[in-house]
Amino acid sequence: MRVIVTDDSGEKFDYEFDQEKVLLGRGNKSDIVIQSEHISRKHLEIRFEEGIFYIKDLTLANWVSYNGEKLVKNNEIQYFDFAPLILPGGFSVKIEDENIADNMDVDLGTSTSSVREALESNSKNKIDIYNTRLSGDAAISGYKKQRTDQKRKRKLEKETQKTQEMSRYLIIAASIFLLMGYYYYYSEVYLAEQSSVSTPPKIEPIKKVKPKPKPVQAEANNTQTDDKNELNSKPKGKKEEIPKVIENFREILNDNTTCPPGELRNLCKEIFGSFVKPEGIKVINGKLYVLKNFRIRLEKIYKNNFEKINRALQVQGMLGFVAASGLFSGDNLKKVEKLNLSRIHVLVYQDDATGNKLRRSFVIDPTIYRRFSQRDWDFAKKEVEDKMITNFFQSKFMPYLEMEYSEK
């Protein structure tokens, strides 16, 4: 078996083996050792059996590319030398059977002396007949070999043409994918960043309105009536829920809530990772309440970098991102839905010298995971963590967070 390894600079390394199985990797026990951080300790296995080569990807998180496609882990396939075999780091591998070349160099003059003596003892007639038979057999064998070579050549040309067509399709598909990626970036990210740039408001001239004089006596008599009308004319809706939100916040805070036992415990750990009391979750009237400390969550995101934490406290949209973190990732929203919890109330508070104060409360529908992709969330999360930019998060995910309460 002959194995030729070419590195990214074009330098070739030639190896020859008599064994039927060869291991290639970065580990010292490998038959072919490649000292590169891109190569795994056990990366590629080559096996030779009955004139056929087989290859297998032994990596866990790495890859082996054959004929433009990545191999399935620990799945052995047949190797043909016309298809490229590529490893990470720009390494390529070619496998040959060295016995093919060796068999072509057989010396026909090494026949035993006994055979030569037997041939020399034959009569001239027998030699002529023997030579005639040999010529006929050679002609038939040559014809068969020619037909076989032609069939192999046609088969190889078809396989090469098929490989070229497949490569052409892959190039077209990659081009379409790049164009879609560019369109996605332009339409979702770039335009979102441009739209977030604030424009100065137009200043309209103030219209002067002359108040109509009212009778003093009538105003005095109707003071009580106006007060009652003002109380009755207060807008109804979410503002009536504010005292209930604050009441629930204080109730959960006083309970020193953490992760409850049972099915909710695993969900709680996935939402928070690690938390500091009082943080945690609680179920009230079939709804899931999630209590989060704003500053502690920022410390987890920015790994106790106080400069970044103090800057993040002032970033617009950061309260919403902290509320969504841990819920929008993975299958956590789906798990809440399976627990038959109709709504998620996320209460984000901040502790200061005056005590714990509720900053903002959001309501989330647990079924919204069907409306966005996990890749979009990962992009928004990375943008906030690396660049402290919430533009993509606000444009893509803030519509899913219904603000229930906000501090004045």
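Could you grab me the full set of residues in segment 10-25 that are free of Cβ contacts under 8 Å to residues at least 40 places away in the same chain and not aliphatic (A, V, I, L, M)? It would help to see each step written out before you state the result.
Taking segment 10-25 and keeping what is free of Cβ contacts under 8 Å to residues at least 40 places away in the same chain, we get 10-15, 17-23, 25.
Within segment 10-25, Gly10, Glu11, Lys12, Phe13, Asp14, Tyr15, Phe17, Asp18, Gln19, Glu20, Lys21, Gly25 meet the criteria.
Residue-wise test of (1) touching a residue at least 40 places away in the same chain (Cβ under 8 Å); (2) on the phi < 0 side of the Ramachandran plot; (3) not acidic (Asp, Glu).
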position: Phe306; (1), (2), (3): no, yes, yes
position: Gly320; (1), (2), (3): yes, yes, yes
position: Asn340; (1), (2), (3): yes, no, yes
position: Lys357; (1), (2), (3): yes, yes, yes
position: Asp365; (1), (2), (3): no, yes, no
position: Phe393; (1), (2), (3): yes, yes, yes
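For segment 65-80, a residue qualifies if it is in a loop (DSSP other than H, G, I, E, B) and either in contact (Cβ under 8 Å) with a residue 60 or more places away in the chain or not polar (S, T, N, Q) (or both), and the qualifying residues are Asn67, Gly68, Leu71, Val72, Glu76, Phe80. Scanning segment 297-334 for residues that are closer than 19 Å to Arg371 by Cα, among the charged types (D, E, K, R) and either in contact with a strand residue (DSSP E or B) (Cβ under 9 Å, 6 or more places away or on another chain) or at pLDDT 90 or above (or both) yields one hit, Lys334.
Being in a loop (DSSP other than H, G, I, E, B) and within 30 Å of Glu263 (Cα to Cα): is that true of Lys303 here?
yes
Somewhere in segment 273-286, is a residue in a helix (DSSP H, G or I) and of a type in the set (D, E, K, R)? Within segment 273-286, not a single residue is in a helix (DSSP H, G or I) and of a type in the set (D, E, K, R).
Residues in segment 360-407 that are in a helix (DSSP H, G or I) and not basic (Lys, Arg): 22 in all. Taking the listed residues Ala83, Ala61, the one that is touching a residue at least 40 places away in the same chain (Cβ under 8 Å), among the hydrophobic types (A, V, I, L, M, F, W, C) and not in a strand (DSSP E or B) is Ala83, with no other qualifying.
The values are calculated or read from the model by the stated rules, or taken from the named source; none is laboratory data. Everything quoted here is computed from the prediction, not taken from an experiment. Positions of Cβ are backbone-derived with ideal geometry, glycine not excepted, and every protein chain shown enters the neighbour counts.
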